[in-house]
Amino acid sequence: MKRKILIVEDDVSLNETVKEFLEFNGFETVGVYDGNSAVNIAYEGNFDVILLDVKMPGMNGFDVAKEIRKFSNTPIIFITSLDGEKDVEKGFLSGGDDYIRKPFSLKELKLRIEAVLRRLYSNHEKVDLGDGFEFDINNKELFKNSKPVHLKTKVAKLLNLFIKHKGEALDKETIFSEIYDYDEIPNEASLRTFVKTLRSILGNDKIQTIKDVGYKFVG
């Protein structure tokens with residue numbers, strides 16, 4: 001599954017270099033060059049990590065992070081030439097999850113992204129689905145405002161699959177192979193019921209029906 005990265009960097013050359021490197025290493029990327037565009041596209045898109053420059057024209061990175069935190073918990077890694085202790089503190093207080101100083105190696109950037117993703121999808125942590133919902137990947141349990149939400153086994157397996165492949169169109173055969181045991185016969189009507197159940201809990205807009213293919217979880 002490709003993880004989607006938003007690159008916010010006003011240096012066009014650096015933006016394109018990072019974009020090419022991450023795409024070569026299997027990530028999907030979107031690059032923007034100013035703070036206002038970053039806020040707008042972060043609101044419209046579903047990203048796994050945001051790389052955010054601090055010193056940009058108009059809205060600086062710290063203010064961008066504060067705006068994004070109003071609607072999203074997507075991990076933010078600040079990229080900046082600022083190296084003072086107060087700057088680092090300001091970055092974390094504005095909603096950052098990590099801080100990498102310029103100049104940096106692309107290999108280090110990749111390692112930091114992977115570390116953030118491991119923390120996000122760690123078996124010991126819950127994945128934030130928004131609107132107070134969290135999903136425990138390890139135990140396949142859903143919570144709303146820290147209270148458990150009962151899901152039947154196959155519904156929980158389906159949600160787990162959707163989360164791991166967020167933003168991807170999953171065909172029915174892939175879904176069947178994941179949620180049904182080898183000695184069970186897949187049932188399309190049951191799958192539609194499972195999807196309907198998740199939509200009723202999480203919201204209709206969370207799961208898209210892809211005609212003649214299957215479904216896509218947009219989170």
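Cβ-Cβ below 8 Å, separation at least six or inter-chain, first residue in the stretch 137-148 and polar (S, T, N, Q), second not in a strand (DSSP E or B): which pairs?
Asn138/Asn123; Asn138/His124; Asn145/Gly132
When you check Ile113 against the structure, is it without any contact (Cβ under 8 Å) to a residue 60 or more places away in the chain, in contact with a strand residue (DSSP E or B) (Cβ under 6 Å, 6 or more places away or on another chain) and within 30 Å of Thr17 (Cα to Cα), yes or no?
On the way: without any contact (Cβ under 8 Å) to a residue 60 or more places away in the chain: no; in contact with a strand residue (DSSP E or B) (Cβ under 6 Å, 6 or more places away or on another chain): yes; within 30 Å of Thr17 (Cα to Cα): yes.
Criteria not met by Ile113.
Identify all residues within the stretch 156-188 that are among the small types (Gly, Ala, Ser), exposed (fewer than 15 other Cβ atoms within 10 Å of the Cβ) and more than 14 Å from Tyr215 (Cα to Cα); write none if there are none. Step through it out loud before you land on a result.
Of all residues in the stretch 156-188, those among the small types (Gly, Ala, Ser) come to 156, 167, 169, 177.
Narrowing further to those that are exposed (fewer than 15 other Cβ atoms within 10 Å of the Cβ): 169, 177.
Correct list: Ser177 only.
Looking for whichever is part of a loop (DSSP other than H, G, I, E, B) and in the same structural domain as Gly26 (by TED's automatic domain parsing) here; the options are Pro103, Pro186. Which one fits?
Working: Pro186 fails: in the same structural domain as Gly26 (by TED's automatic domain parsing).
After ruling out the rest, the residue left standing is Pro103.
Has the stretch 189-197 got any residue that is under 26 Å from Thr74 (Cα atoms) and either touching a strand residue (DSSP E or B) at 6+ places or on another chain (Cβ under 7 Å) or outside any helix (DSSP H, G or I) (or both)?
yes
So in the stretch 198-219, with the set limited to residues that are in a helix (DSSP H, G or I) and within 21 Å of the chain's Cα centre (by Cα), which one is nearest to Leu159 (Cα to Cα)?
First, the residues of the stretch 198-219 that are in a helix (DSSP H, G or I): 198-202, 204-206.
If we keep only those that are within 21 Å of the chain's Cα centre (by Cα) as well, we get 198-199, 201-202, 204-206.
Details: Leu198: 8, Arg199: 10, Ile201: 11, Leu202: 10, Asn204: 14, Asp205: 14, Lys206: 11 Å.
Looking at the filtered set, the residue picked out is Leu198.
If you check Ser146 against the conditions, is it hydroxyl-bearing (Ser, Thr, Tyr), closer than 27 Å to Leu22 by Cα and over 19 Å from the mean Cα position of the chain (by Cα)?
On the way: hydroxyl-bearing (Ser, Thr, Tyr): yes; closer than 27 Å to Leu22 by Cα: no; over 19 Å from the mean Cα position of the chain (by Cα): yes.
No.
The values are calculated or read from the model by the stated rules, or taken from the named source; none is laboratory data. These numbers were taken from a predicted model, which means no experiment stands behind them. Ideal geometry is used to build each Cβ from the backbone, glycine not excepted, and the neighbour counts take in all protein chains shown.
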